[in-house]
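The values are calculated or read from the model by the stated rules, or taken from the named source; none is laboratory data. Everything numeric here is computed off the predicted structure, so don't read it as measured data. Here Cβ is always computed from backbone atoms with ideal geometry, including for glycine, and neighbour counts include all displayed protein chains. Protein only, heavy atoms only, side chains kept; ligands, DNA and RNA dropped before computing areas. Shrake-Rupley method; radii C 1.70, N 1.55, O 1.52, S 1.80 Å.
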Amino acid sequence: MLVGAHNDHNGVNPAAVDHDSVRAFNRIMRPQGANDQARTPTADEKRRIDSLTAYARSIRPPRRDSIMNGADDDGSGTVVMLEIAERFAAEKPARSIIFVSHEGEESGLLGSRWFVDHPTIPRDSIVAAHNMDMLGKGRVTDVKFGGPNSVQTLGARRLSRVFGDIIDSVNAISPEPMAIDKSWDVPANPLNRFCRSDQVNYVHSNIPVTYFSLGYAIDYHMPTDEPQYIDYDHAARLARFIHDVMTAVANRRDRPAIAGPDSTYPACR
């Protein structure tokens with residue numbers, strides 16, 4: 001069994017931007033960050049942007065920045081992976097667990113592709129994979145259907161219907177159940193969401209996978225993606241949930257059965 005997250009981001013922009021102005025603009029105009037196309041604000045939108053910027057100026061001086069920090073995308077997933085690893089180090093699940101910190105996700109899913117092409121164990125022995133990307137921004141003010149126990153899951157039943165059933169069963173008996181948002185896990189594949197992170201390469205190798213995320217927020221692929229905006233309590237709660245899902249898979253006698261690709265979902269190239 002495997003769990004992974006990517007450790008890279010997008011480096012440094014050629015020009016610095018004003019941090020608070022970018023956040024104010026995105027709060028009104030680009031709630032999903034770089035996923036939303038920038039456009040000229042209306043008069044009312046400009047008034048709201050200016051109001052947010054003015055408030056920021058009243059409490060701190062301007063700050064220009066060009067570094068794409070990637071705290072949420074995907075420092076959050078990488079840190080959660082380390083926390084889960086620390087937890088499992090004190091336990092003895094029936095199956096072995098591989099922890100993979102993928103490189104090159106932002107450059108075309110390169111690290112996960114390399115791993116499935118050059119696995120450190122027989123590839124067909126991996127019973128399931130769990131990919132974690134953007135686990136830091138789940139507040140109701142950050143994402144649609146957000147909240148203190150929200151999580152988005154994608155792909156849990158694409159290859160193995162059983163894998164999705166396991167996740168739902170774990171959640172049903174959890175002392176702190178998650179509100180699972182499956183609105184992205186639909187045949188329409190909005191924003192090509194499922195095909196844009198490392199789970200794709202595991203699906204191509206016939207390994208059941210689930211993509212755990214809290215969603216796209218205003219700092220997505222922006223220099224404002226900094227640790228100060230991470231919801232750490234939420235990330236910790238999600239880490240406990242993913243740990244419990246992994247434990248359930250690891251301790252099952254049978255591996256999640258492969259039912260084959262679900263033809264209602266678009267194929268990732």
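Data table
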| quantity | calculated |
| --- | --- |
| Residue in region 104-114 that is farther than 30 Å from ASN251 by Cα, polar (S, T, N, Q), in contact (Cβ under 8 Å) with a residue 40 or more places away in the chain and surrounded by fewer than 19 Cβ atoms within 10 Å (Cβ to Cβ) present | yes |
| Filter result for GLY215 (open to solvent by less than 10 Å² (accessible area, probe 1.4 Å), in contact with a helix residue (DSSP H, G or I) (Cβ under 9 Å, 6 or more places away or on another chain), among the small types (Gly, Ala, Ser) and not in a helix (DSSP H, G or I)) | no |
| Residue count, region 127-152 (criterion: assigned to a loop (DSSP other than H, G, I, E, B) and farther than 24 Å from ARG23 by Cα) | 3 |
| Single match in ALA267, ALA248, ALA239, ALA257 (criterion: within 15 Å of the chain's Cα centre (by Cα) and aliphatic (A, V, I, L, M)) | ALA239 |
| Filter result for ASP36 (among the acidic types (Asp, Glu), more than 25 Å from LEU238 (Cα to Cα) and out of contact with any Pro (no Cβ under 8 Å at 6 or more places or on another chain)) | yes |
| Residue in region 232-253 that is more than 17 Å from ASN149 (Cβ to Cβ) and part of a loop (DSSP other than H, G, I, E, B) present | yes |
| Count of region 246-263 residues which are within 24 Å of ALA179 (Cβ to Cβ) and either open to solvent by 50 Å² or more (accessible area, probe 1.4 Å) or out of contact with any strand residue (DSSP E or B) (no Cβ under 7 Å at 6 or more places or on another chain) (or both) | 5 |
| Pairs with Cβ under 8 Å, 6+ apart, first in region 63-81 and closer than 18 Å to VAL17 by Cα and open to solvent by less than 10 Å² (accessible area, probe 1.4 Å), second of a type in the set (D, E, K, R) and not in a helix (DSSP H, G or I) | GLY70/ASP8; GLY70/ASP225 |
| Conditions (1) closer than 17 Å to TYR202 by Cα; (2) surrounded by fewer than 15 Cβ atoms within 10 Å (Cβ to Cβ); (3) not small (Gly, Ala, Ser); number of the one not met by HIS130 | (2) |
